[in-house]
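Asks: Would you mind keeping the following structure in view while I ask a few things?
The values are calculated or read from the model by the stated rules, or taken from the named source; none is laboratory data. Just so it is clear, the model here is predicted, and its values are computed rather than measured. Positions of Cβ are backbone-derived with ideal geometry, glycine not excepted, and every protein chain shown enters the neighbour counts. Only protein heavy atoms, including side chains, enter the accessible area calculation; ligands, DNA and RNA are left aside. Shrake-Rupley method; radii C 1.70, N 1.55, O 1.52, S 1.80 Å.
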Amino acid sequence: MDQANAIGRHTVYSDLELAGMIRRGNANAFRILMQRHNQRLFRMARSVLRDPTEAEDAVQDAYILAFTRIGQFREDSSLATWLGRIVLNEALRRLRQRRPMTELDEGGADGQTAGAAVIPFPGSQQPVATPEENAARAETRRLLERAIDALPDPFRIVFVLREIEQMSVEETAVALGIPPDTVKTRLHRARRLLGHSLRQQLAPDLAGVFPFAGERCARIVARVLDRLGLPAPPPDGE
């Protein structure tokens, strides 16, 4: 491996350490950073776009922008928050191009979106269970995904960040550029729209909604490195 891209196989680097190595052109550090944040950033993009393919493209474009502007990252905020904001901006830009009349920050939209699709996601990890239990769990998640997809944009995005990604009120507010009280209000509205009884029944399955791993994660990393003209080291860092 090129010395500039050398990185300890068993060393766990912080985001700030990885950012420093990326500034010095270490492609392996950038690969590790993408693998670490891929799932959260993909879910963020998908919460805006409701399309896994377009969300994947948005995350790739956001990574390109982040890599080229890594020198602008200031350590007064977390790298995860900085990356999240870039991804959300890219997803919102794409949504405006797709639906120029839509304003995501309008708080009065209570209508529901028809035609939400059930989308298969690769790489989900299921606990050991009977076929009947797995079938029931899969159906539960499909029902919940449809319900989440049908939420109006402002409420759906907040719900995904707070309930699925488990981000705090403050983290969500920073990521979306809205006041914390607005985050609380939108989450409350989202919960009401989903229905109290539905949410109570399905809450244990929230962590498994929109799973992300395996092939999609590797594809994003490989494509971003290729677009940047950076070497793609093997997964074990050898």
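Asks: Considering region 49-61 alone, what residues qualify as being in contact with a Lys or Arg (Cβ under 8 Å, 6 or more places away or on another chain) and among the aliphatic types (A, V, I, L, M)?
Replies: Listed by number, the residues that qualify are LEU49, ALA55, ALA58.
Asks: Taking region 19-63, which residues are in contact with a helix residue (DSSP H, G or I) (Cβ under 6 Å, 6 or more places away or on another chain), under 15 Å from LEU95 (Cα atoms) and either aliphatic (A, V, I, L, M) or open to solvent by 40 Å² or more (accessible area, probe 1.4 Å) (or both)?
Replies: Across region 19-63, the qualifying residues are MET44, ALA45, VAL48, LEU49, ARG50, ALA55, ALA58, VAL59, ASP61, ALA62.
Asks: Next question. Mind listing just one residue for me: the one in region 65-85 that is free of Cβ contacts under 8 Å to residues at least 40 places away in the same chain and closer than 17 Å to PHE42 by Cα and, of those, least open to solvent (accessible area, probe 1.4 Å)?
Replies: If we take residues in region 65-85 being free of Cβ contacts under 8 Å to residues at least 40 places away in the same chain and closer than 17 Å to PHE42 by Cα, then ALA66 is least open to solvent (accessible area, probe 1.4 Å).
Asks: If you don't mind, there's one more thing I want to ask. Looking at (1) farther than 25 Å from ILE86 by Cα; (2) at pLDDT 85 or above; (3) under 16 Å from the mean Cα position of the chain (by Cα), which is the only condition SER124 fails?
Replies: Only one criterion is unmet by SER124, namely (2).
Asks: What pairs can you find where one residue is in region 48-64 and of a type in the set (S, T, N, Q), the other is open to solvent by 30 Å² or more (accessible area, probe 1.4 Å) and at pLDDT below 95, and their Cβ atoms are less than 6 Å apart, with a gap of 6+ or different chains?
Replies: Cβ pairs passing all conditions: GLN60/ARG223.
Asks: Follow-up. Among the residues that make up region 185-193, is at least one of them touching a Pro at 6+ places or on another chain (Cβ under 6 Å), part of a helix (DSSP H, G or I) and at pLDDT 85 or above?
Replies: Yes.
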